[in-house]
Amino acid sequence: MLPEDRRQFQRLNLTKPILAIARDASALILDLGITGALIEHYGTANPGERLRLAFRWKGDDIEFDCEVAHSVVVRAPAGDGEHVASHTGLRFMKATGNSSELLKDLIATFVGHVLAAQKANAAGAVADNLLEQLGHARRTRTTGYVTYRLKDGTWWRIPTQSPVQPKDGFTIAAYEDEEEVQMLCSSYAAADDEGRRLIRMVAELSVMSAKK
């Protein structure tokens, strides 16, 4: 099972939707995060409804059992001239096979590409390099998390048991390599607001790896 944590996670706002299958019909993934997605589909959905979302990444299938968090009709009738179209927020409940790891790879790749496109090349490299190491054996040596907060140009390192991401920095698993953390701090300090939000996505993947 995926964590039942209901706090707000960062999401990727996809400039190009991902084709998917939901309720055995075609759908588009508009936003995607660690714990859920926003999809566009035909028909309506009710909060609490359970459904399966499936899509492909690098030739592999990613599938999650999901719960509808919210849904709103956006077009009536929609492109087929018969059914309404809805935007539905999904909460990931259970992953099929290695779908969680594939999702991490997908998000890491997207974050790195977006940061590079914003000319935050160092941050993009950090996203790729740090996330390649998530879930490796370092996890067994250290538990908990560390929050890094940037205040008046100075970084504060705060050991914590809370995975929450602060607005003025980021929280990662305590086992992450110090050199990689310093690169992440430098990239965060140089990034704009959107770049910092994406770097928090990098941190969230580290947190999710530690919570297993």
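Each value in this text was obtained by applying a stated rule to the coordinates, not by laboratory testing. Quick caveat: nothing in here was measured; it's all calculated off a predicted structure. FYI the Cβ positions are ideal-geometry reconstructions off the backbone, even for glycines, and counts take in every protein chain you see.
Things to note:
- Charged neighbours of Arg149, selected by a Cβ distance under 14 Å, balance to +3 (K, R count +1; D, E count -1).
- Residue pairs, from the table Lys104/Lys151; Lys16/Lys94; Lys94/Lys151, whose Cα atoms sit over 27 Å apart: Lys104/Lys151; Lys94/Lys151
- Under 5 Å between amide hydrogens, built in the peptide plane, is the criterion, and for Arg75 it picks out Ala85 among residues at least 5 positions away or on other chains.
- Local electrostatic count, Ala54, Cβ distance below 12 Å [Lys/Arg +1, Asp/Glu -1]: -2
- Listing Cys185, Cys66 from fewest to most neighbouring C-beta atoms within 10 Å gives Cys185, Cys66.
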